[in-house]
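Readers should treat all values here as calculations from the given coordinates under stated rules, not as data from a laboratory. What you see is a predicted model, and the numbers here were worked out from it, not measured in a lab. Quick reminder, even Gly has a Cβ in these numbers, built from the backbone with ideal geometry, and neighbours come from all protein chains shown.
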Amino acid sequence: MLTSRQPFRLGDTLRRSLTSSLLALCMLFVSSQFAISAEYEQPSEFIAETILKPEQLRGPYHTVDDRVQYDGLFYRYTVNSPYGAFQANSTVALNILIHELGAIAAMKTVSTEDTAVKSIEQSGVKTVTGIKNLFTSPGSTLEGAAEGVGDLFNRTRETVGRRETTETEDSKFAQVVGFTKSKGQIATKFGVSIYSRNQVLQGELDRLGMADYLGGISVGLATSVIPGVGGLVLTTSGTARLLNEVINNTPPSKLWVQNKNKLLGMGFDSDTVELFLNNPVFSPALETVLVSALDSMKGAGNRGIFIKLGLQASNPDMAGFITEIAVLSAGYHKNIAPLKSFVPMARLASGIKKDGTTVILLSTDHLIWSERIANVVEDLIAAKQGRGARFELWTLGTLSNQARSALQEKGWKTYENALGRLVPVQ
């Protein structure tokens, strides 16, 4: 008995063969992509108690949420307090915020009635406790700063030699009549920055500053200030207290002129200097801190790269990060080894020692071996024409095990939790 069979079709066989080949190629592609992605770490959430000290995690006036966002460079904290919820976009910003919340609590105990004139001395000295901060303006405690190329077209009058007040300052009228002077003295007594972007703190500074201006409080009654808080620790300027006091009690217009003269004295182009000083995301405090850092690095070439970086800053977080790198560089230059010059590194800067070693200083919280970091590392090595070049990485935070191993395999020296070495407290 004959059985019928389907006719032989070349098309069906070819189609099955192509389908099998495509499936194999897809599997190979997926496998290779998985292997590539597996080489790198991805950002993930952290638990607050695993990365913070107990006093950072919670205190009399704050509690940090358990869940901490992480973007591959910085931790992002949500902080709850009796005065509202706050965002701190780095551990440096968190430390500043914690101090500010303590200062707010102390300020609220100060009555602006005539009968409580002396209470500012007691609350300012006894209630507010100090922490070591890196930079003066905690801009990263707020979100929503404007970004984009459009910002370059704003405030055009300031780029031709004129100066307008920035968003962190009092009005010109308040500065002229003397209210800002009183407010600056109050800020100094409580160890905070008059240019803080913390609106609750600003409200208390306004209240006490106005009372003092009108004669309700005499700041002269306070016999001491809180050392080591609210300002940038620059080894060349003594202590955070001294720098913070100068910034708080010097009119912003005078700071602007002083900063301009210092930068011009370093040989920087006058147009570039004015463009930098009129970038509205830099408060007078941040500008003064950055200029002080640059001025302290005598003998280091191409310091002007930090001014050019400052022109790129489109929000307070970027301005603060650039300032922090300048401060850490100044600390390295004084306390570790002199830096010969600075060179571009991606959109940042790295230092070069006299022996040719490249020094990278970062205020990051935690670095993982991400594709972005790996690419920067490979570019730096390639620029030095091989792996024989010497590199140092200094960070205020930590490295993941994978990042540490990868860098050390490439011959890099790594230094974690380096604040105490770079900027020792005096």
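Miscellaneous remarks
- For segment 300-426, the gyration tensor built on C-alpha atoms gives a rounded shape. Its axis ratio a/c (a ≥ b ≥ c) stays under 1.5.
- Sorted by Cβ neighbour density within 10 Å, fewest at the top, the residues LYS254, LYS183: LYS254, LYS183
- Label-to-label distance, ASP355 versus LYS413, with points set 7 angstrom from Cα along the beta-carbon direction: 0.6 nm.
- Computed log₁₀ I(q)/I(0) - Debye formula, equal Cα scatterers, no solvent, segment 45-94, q 0.16, 0.17, 0.25, 0.27 Å⁻¹: -0.38, -0.43, -0.93, -1.07
- Extension gain, ASP71-VAL376: 0.36 nm per intervening residue step, less the Cα-Cα distance, totals 108.1 nm.
- Cross-link pairs LYS298/LYS410; LYS254/LYS354; LYS334/LYS384; LYS108/LYS181 - those with Cα-Cα distance over 27 Å: LYS298/LYS410; LYS254/LYS354
- Per-peptide average of other Cβ atoms within 10 Å, ordering 355-366, 320-331 highest first: 320-331, 355-366
- Cα-based shape type of segment 284-369, given that a ≥ b ≥ c are square roots of the gyration tensor eigenvalues and the cut on a/c is 1.5: oblate
- Estimated from the Cβ-Cβ distance and a Förster radius of 51 angstrom, the FRET efficiency linking GLN42 and ASN261 is about 0.60.
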